[in-house]
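K.L.:
The structure follows.
The values are calculated or read from the model by the stated rules, or taken from the named source; none is laboratory data. Note that the coordinates shown come from a computational prediction; the quantities given were computed from them, not determined experimentally. No Cβ is skipped: glycine too gets one built from the backbone with ideal geometry, and neighbour counts run over all protein chains shown. Just so you know, the surface numbers come from the protein's heavy atoms only, side chains and all, with ligands and any DNA or RNA stripped out. Shrake-Rupley method; radii C 1.70, N 1.55, O 1.52, S 1.80 Å.
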Amino acid sequence: MHSRSYITVRYAETDKMGIAHHSNYPVWFEVGRTDYVKMFGTTYSDMEKAGVMLPLVNLTCHFNFPAFYEDNLIVRTWCISMTAARIEFAYSVKRKAEDGTETELCYGTTEHGFIDSSTFRPCNVKKRMPELYSKINGNIKYI
């Protein structure tokens with residue numbers, strides 16, 4: 001199972017040549033990750049209220065083609081691994097043309113640790129949020 005997030009490249013995200021700057025892709029990954037978590041009936045805010053935070057541990061980003069001003073993008077997000085202490089997401093950013101064809105511009109991953117928001121120490125999300133853990137873990141898509 002994966003989420004789909006729709007983004008239109010804004011002028012502020014581009015350089016003088018009208019190409020989206022590479023620093024935007026991790027931000028678009030975050031949009032996808034937020035939408036992915038929402039598919040399971042919770043939000044990042046709900047997780048933080050439960051005392052769980054997800055700091056970034058690792059990020060990969062592989063670029064195939066540039067995105068341009070006003071391109072319509074689809075960010076597909078899915079979970080590729082999860083333990084009680086860590087979670088890893090995969091992403092594919094595609095441009096959707098007017099004729100409906102899609103071109104993959106970028107793909108990547110992010111890895112996050114589950115930490116307690118008051119102590120900043122690792123926490124067991126399987127115990128802290130068992131329903132969310134079960135739902136996500138049951139929908140892992142291996143690549």
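K.L.:
Mind checking which residues of region 13-42 are over 20 Å from PHE63 (Cα atoms) and either open to solvent by 80 Å² or more (accessible area, probe 1.4 Å) or more than 13 Å from the chain's Cα centre (by Cα) (or both)?
P.N.:
Selection gives LYS38, PHE40, GLY41, THR42.
K.L.:
Taking ALA85, is it under 30 Å from THR119 (Cα atoms), of a type in the set (A, V, I, L, M, F, W, C) and either surrounded by 19 or more Cβ atoms within 10 Å (Cβ to Cβ) or at pLDDT 95 or above (or both)?
P.N.:
So ALA85 passes the test.
K.L.:
Which condition breaks for ASP71 when tested against (1) surrounded by fewer than 16 Cβ atoms within 10 Å (Cβ to Cβ); (2) closer than 22 Å to ARG4 by Cα; (3) of a type in the set (Asp, Glu)?
P.N.:
(1)
K.L.:
Only one residue in TYR133, TYR91 is within 24 Å of ILE74 (Cα to Cα) and either surrounded by 13 or more Cβ atoms within 10 Å (Cβ to Cβ) or touching a residue at least 12 places away in the same chain (Cβ under 8 Å) (or both), so which one is that?
P.N.:
Checking each option against the conditions leaves just TYR91.
K.L.:
Right, next: For LEU59, are the conditions met, namely being in contact with a strand residue (DSSP E or B) (Cβ under 6 Å, 6 or more places away or on another chain), in contact (Cβ under 8 Å) with a residue 60 or more places away in the chain and under 19 Å from PHE114 (Cβ atoms)?
P.N.:
It is false that LEU59 is in contact with a strand residue (DSSP E or B) (Cβ under 6 Å, 6 or more places away or on another chain), in contact (Cβ under 8 Å) with a residue 60 or more places away in the chain and under 19 Å from PHE114 (Cβ atoms).
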